[in-house]
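Reading through the structure tokens given below for one structure.
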Amino acid sequence: MNKLSHFDEAGEARMVDVSAKAATRREAEASAFVVLSKEVLAALPKNPKGNPLEIARFAGIQAAKRTSDLIPMCHPLPLTFIDVITEITSDGIAIRSKAATTGPTGVEMEALTAASIAALTIYDMCKALDKSIVIREVRLERKTGGKSGDYHAVAR
């Protein structure tokens, strides 16, 4: 295992200097799952706040663009693409995000932030009906580009 890159020799947290790294195409996909009761799933189309899935999609896209404002050691990146897809399943909402950039560092955190905030937005939109909503399985699904190479998560 490599050393943790966000710590210097003295163990102090630091932002990694990526200025010497080449700008290359980098992509990442992340996912999350929001467990909803049958009653909440049935009520989704009638939500008085609007369509929770579409609002969650917009929230995830907006959050990805603000990742460096939320996570202290993340670099601000010029995203070339971000999307969030939601899918209703029998027991909740599956969320998948995809982010891309051409830059000196990866977009894993942007993809993870998009999926996480989309999940939190679904919670916010549905909490009046059920406080026991669970967000689970936020994870990186894949990433390409960069010094560390490609990564693909093991199927669940």
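The values are calculated or read from the model by the stated rules, or taken from the named source; none is laboratory data. It should be emphasised that the depicted structure is a prediction, and the values quoted were computed from it without experimental measurement. Quick reminder, even Gly has a Cβ in these numbers, built from the backbone with ideal geometry, and neighbours come from all protein chains shown.
Which residues, counting only those in the stretch 68-96, are touching a strand residue (DSSP E or B) at 6+ places or on another chain (Cβ under 9 Å), within 22 Å of V34 (Cα to Cα) and not in a strand (DSSP E or B)? Explain how you work it out, then say what you get.
First, pick out the residues of the stretch 68-96 that are touching a strand residue (DSSP E or B) at 6+ places or on another chain (Cβ under 9 Å): 72-73, 75, 77-89, 91-96.
Add one more test, that the residue is within 22 Å of V34 (Cα to Cα), and what stays is 82-89, 91-96.
Within the stretch 68-96, just D91 meets the criteria.
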The one condition in (1) touching a residue at least 60 places away in the same chain (Cβ under 8 Å); (2) in contact with a strand residue (DSSP E or B) (Cβ under 6 Å, 6 or more places away or on another chain); (3) among the hydroxyl-bearing types (S, T, Y); (4) crowded, with 18+ Cβ neighbours inside 10 Å that T105 fails to fulfil
(2)
Looking at the stretch 118-156, which of its residues are among the hydrophobic types (A, V, I, L, M, F, W, C) and at pLDDT 95 or above?
A118, A119, L120, I122, I133, V134, I135, V138, L140
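Restrict the check to the stretch 53-67 and report whether at least one residue is among the β-branched types (V, I, T), free of Cβ contacts under 8 Å to residues at least 40 places away in the same chain and surrounded by 17 or more Cβ atoms within 10 Å (Cβ to Cβ).
Of all residues in the stretch 53-67, those among the β-branched types (V, I, T) come to 55, 61, 67.
Checking which are free of Cβ contacts under 8 Å to residues at least 40 places away in the same chain leaves us with none.
Looking for residues that are among the β-branched types (V, I, T), free of Cβ contacts under 8 Å to residues at least 40 places away in the same chain and surrounded by 17 or more Cβ atoms within 10 Å (Cβ to Cβ), one finds none in the stretch 53-67, hence no.
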So, in the stretch 16-41, of the ones that are over 24 Å from G60 (Cα atoms) and in a loop (DSSP other than H, G, I, E, B), which residue ends up modelled with the lowest pLDDT?
D17
If S19 meets every condition in (1) crowded, with 16+ Cβ neighbours inside 10 Å; (2) farther than 20 Å from I135 by Cα; (3) not acidic (D, E) apart from one, which number is that one?
(1)
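Looking at V40, V84, can you tell me which residue is in contact (Cβ under 8 Å) with a residue 12 or more places away in the chain, in contact with a Cys (Cβ under 6 Å, 6 or more places away or on another chain), crowded, with 21+ Cβ neighbours inside 10 Å and closer than 21 Å to I135 by Cα? If you could, list the steps in order and put the result at the bottom.
Values: V84 fails: in contact with a Cys (Cβ under 6 Å, 6 or more places away or on another chain).
Selected residue: V40, the only one of V40, V84 that is in contact (Cβ under 8 Å) with a residue 12 or more places away in the chain, in contact with a Cys (Cβ under 6 Å, 6 or more places away or on another chain), crowded, with 21+ Cβ neighbours inside 10 Å and closer than 21 Å to I135 by Cα.
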